[in-house]
Amino acid sequence: MLQTLLTGFVVSGGLIIAIGAQNAFVLKQGLLKQHVFWVCLTCFLCDFSLIGLGVLGLGGIMERYPTLQLLLAVFGAVFLTLYGIRSFISSYKGGQALSEDDRPAPHSLQKTLAFTLAITLLNPHVYLDTLVLIGISASPLTLEQKYLFLIGAWSASALWFFGLGYGARLLIPYFKKPITWQLLDAGIGLVMWGIAVGLFRYAYQLFGQL
């Protein structure tokens, strides 16, 4: 029971934490103290809906099509392997640093939420992460286990977005230093490779059943 919940937490967290446009925007809003709660809530609700569809909807459909499930598992594993490589390369090269001077102009709540939805839903990776990768990761589970997996995945999403938004000000001194980004990228690479190994193992099991 606890293991399934933790698996959902780790899988979801590993995919969400990867630095991207959405997280950079949430971080900036946290630094600027502008509509932080609503931005974080919007990001979480998008994850809530998409992860739920992936685990309970797409994941259930996949069970009836093992060949498609195998192909997506392999695709996801390869993608995460490459993503991990990119993170390690980024960590090795370094050079990133957070600048408080690069600030967007203040916007109304409506415009801010519209931009949050755009930067979240217009990113094709969000569908790969939630509908496919997380759905595939949960597909071997029973229905009861999937609910526990969902609780873990949703918890990771909520903790990350609200923690990032409200904790941003505490991170300013650290993310001004390139070494912080290097360590974060290295950690992300390890998480991506760990998930990729699990997907490759699952694909191998599926292949043996065909």
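The values are calculated or read from the model by the stated rules, or taken from the named source; none is laboratory data. Worth saying up front: this structure is predicted, and the values here are computed from it rather than measured. No Cβ is skipped: glycine too gets one built from the backbone with ideal geometry, and neighbour counts run over all protein chains shown. For accessibility, only protein heavy atoms count, side chains too; no ligands or nucleic acids. Shrake-Rupley method; radii C 1.70, N 1.55, O 1.52, S 1.80 Å.
Comparison of VAL74, VAL26, VAL36 shows that the only residue that is open to solvent by less than 10 Å² (accessible area, probe 1.4 Å) and modelled with pLDDT of 80 or more is VAL26.
LEU206 falls short of the stated requirement of being over 16 Å from THR81 (Cα atoms), within 14 Å of the chain's Cα centre (by Cα) and either open to solvent by less than 20 Å² (accessible area, probe 1.4 Å) or without any contact (Cβ under 8 Å) to a residue 40 or more places away in the chain (or both). LYS146 meets each of the listed conditions (1) under 14 Å from GLY52 (Cβ atoms); (2) within 14 Å of the chain's Cα centre (by Cα) apart from (2). Give the residues of region 80-98 that are open to solvent by less than 50 Å² (accessible area, probe 1.4 Å) and modelled with pLDDT under 80, sorted by residue number. Of everything in region 80-98, those that are open to solvent by less than 50 Å² (accessible area, probe 1.4 Å) and modelled with pLDDT under 80 turn out to be LEU80, TYR83, GLY94, LEU98.
Quickly run through region 160-202 and pick out the residues that are within 19 Å of HIS35 (Cα to Cα) and either touching a Cys at 6+ places or on another chain (Cβ under 6 Å) or touching a residue at least 60 places away in the same chain (Cβ under 8 Å) (or both). Listed by number, the residues that qualify are TRP160, PHE161, PHE162, LEU164, GLY165, TYR166, GLY167, ALA168, ARG169, LEU171, ILE172. Kindly indicate whether any position in region 153-175 is closer than 22 Å to PHE75 by Cα and not aromatic (Phe, Trp, Tyr). The answer is yes; a qualifying residue exists. Taking the criterion of being among the basic types (Lys, Arg) and either more than 26 Å from LEU6 (Cβ to Cβ) or open to solvent by 30 Å² or more (accessible area, probe 1.4 Å) (or both), the residues of region 136-187 that qualify are ARG169, LYS176, LYS177.
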